[in-house]
Amino acid sequence: MNPKIRELARILSKMKRGAALTGAGVSSESGVPTFRGKDGLWNKYRPEDLATPEAFMRNPKLVWEWYNWRIKLVKSTEPNPAHYTLKEFESIFEEFHTITQNVDNLHQKAGSKNVIELHGNLLRARCTGCGKIYTDFEIREGELPRCPECGALLRPDVVWFGEMLPPDALRKSFEIARNSEFFFVIGTSAVVYPAAQLPFEAKEMGALIIEVNIEKTPVTAIADFSFMGKAGEILPEILEELKNVKD
Ligand code: OAD
């Protein structure tokens, strides 16, 4: 066992309130592509063509085709040991929240209950007219999905570039970051704001910062523990050691 993991587990075993900020890297071992880096989505596609309100107004068909591909993809994936570890953290600690930038629903699929979605969810659509949310919507080839209530166009219920984050989710995330004794930052490049502000907020309020990533990020410099490796491997090791210490 990595001695750093043992030391971390000893410290965490005395703590009650914590949270994790997750990004695309937490789902990459499930087969969901990340955004940045060599195989990242933003390396192949231009966000301004697919993930902005202007792109949707210009060409809703193209945007829906791309989202439909992503919806099918995430529906075919399963949570990995990183997601399951975070779910277990909810029963190990008195209070534990997962704040995610991901839209793939995999934390919920793993069984996590305290999930805050900062960027929405691919499995929901929202009416551009009346605002009604749909979790059960069908996209037919060549057709644009419309609201059964008011007939306006439906759009993916995700946050696009240039849009505000859901205010309640954002407020709650900052509140949690400020109240956490420990704060994990897992699989995020930590460059997209305001989500990327959360670890700094937590650090300022005295939280222990633990980063898990396969590479360095802007958070590495403020991390008390930095684990360079795959989330699906490191998190279960932390969980196992934590259980040993608690026994
Ligand atoms: P990124 O693609 O920017 O970053 C993914 C991070 O995960 C990188 O730092 C990788 O090093 C790391 N990573 C990859 N595989 C990993 C693994 N197995 N274990 C641990 N770490 C791993 O994704 P996000 O940070 O989530 O926003 O991107 C933030 C936001 O930018 C997204 O929510 C999305 C995007 O544009 C919107 O769509 C609004």
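The values are calculated or read from the model by the stated rules, or taken from the named source; none is laboratory data. Everything quoted here is computed from the prediction, not taken from an experiment. Every residue, glycine as well, gets a Cβ built from its backbone with ideal geometry; the counts of neighbours run over all protein chains shown. SASA here: full protein model, heavy atoms, side chains in, ligands and nucleic acids out. Shrake-Rupley method; radii C 1.70, N 1.55, O 1.52, S 1.80 Å.
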If we ask which residues in the range 60-83 are buried (at least 18 other Cβ atoms within 10 Å of the Cβ) and hydroxyl-bearing (Ser, Thr, Tyr), their number turns out to be 1
Per the filter on the range 121-141, residues open to solvent by less than 70 Å² (accessible area, probe 1.4 Å), part of a loop (DSSP other than H, G, I, E, B) and free of Cβ contacts under 8 Å to residues at least 60 places away in the same chain are Gly129, Gly131, Phe137
| Looking at this structure, is Lys243 under 19 Å from Pro81 (Cβ atoms), in contact (Cβ under 8 Å) with a residue 40 or more places away in the chain, in the same structural domain as Thr85 (by TED's automatic domain parsing) and near the ligand (Cβ under 10 Å from one of its atoms)? | no
Checked the range 190-204 for anything farther than 16 Å from Ala20 by Cβ, in contact (Cβ under 8 Å) with a residue 24 or more places away in the chain and more than 10 Å from the ligand (Cβ to nearest atom); matches are Pro194
Checked Lys243, Lys230, Lys203, Lys172 against criteria (under 23 Å from Glu29 (Cα atoms) and of a type in the set (Lys, Arg)); the one match is Lys230
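Looking only at helices (runs of 4 or more DSSP H) that lie completely in the range 14-118, which have at least 2 residues being over 22 Å from Ala196 (Cα atoms) and away from the ligand (no atom under 14 Å from the Cβ)?
Details: elements: 25-28, 41-44, 47-50, 53-58, 60-75, 81-92, 106-110.
The qualifying helices (runs of 4 or more DSSP H) are 53-58, 60-75, 81-92, 106-110.
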Conditions (1) open to solvent by 40 Å² or more (accessible area, probe 1.4 Å); (2) within 12 Å of the ligand (Cβ to nearest atom); (3) polar (S, T, N, Q) -> Asn2 fails only (2)
Per the filter on the range 4-58, residues at pLDDT below 95, more than 26 Å from Arg155 (Cβ to Cβ) and of a type outside the set (Lys, Arg) are Gly37, Asp39
Reported set for the range 149-180 where residues are surrounded by 11 or more Cβ atoms within 10 Å (Cβ to Cβ), of a type outside the set (D, E, K, R), out of contact with any Lys or Arg (no Cβ under 9 Å at 6 or more places or on another chain) and free of Cβ contacts under 8 Å to residues at least 40 places away in the same chain is Phe174
Note on the range 189-221: residues open to solvent by less than 40 Å² (accessible area, probe 1.4 Å), part of a helix (DSSP H, G or I) and not hydroxyl-bearing (Ser, Thr, Tyr) are Ala195, Ala196, Leu198, Pro199, Glu201, Ala202
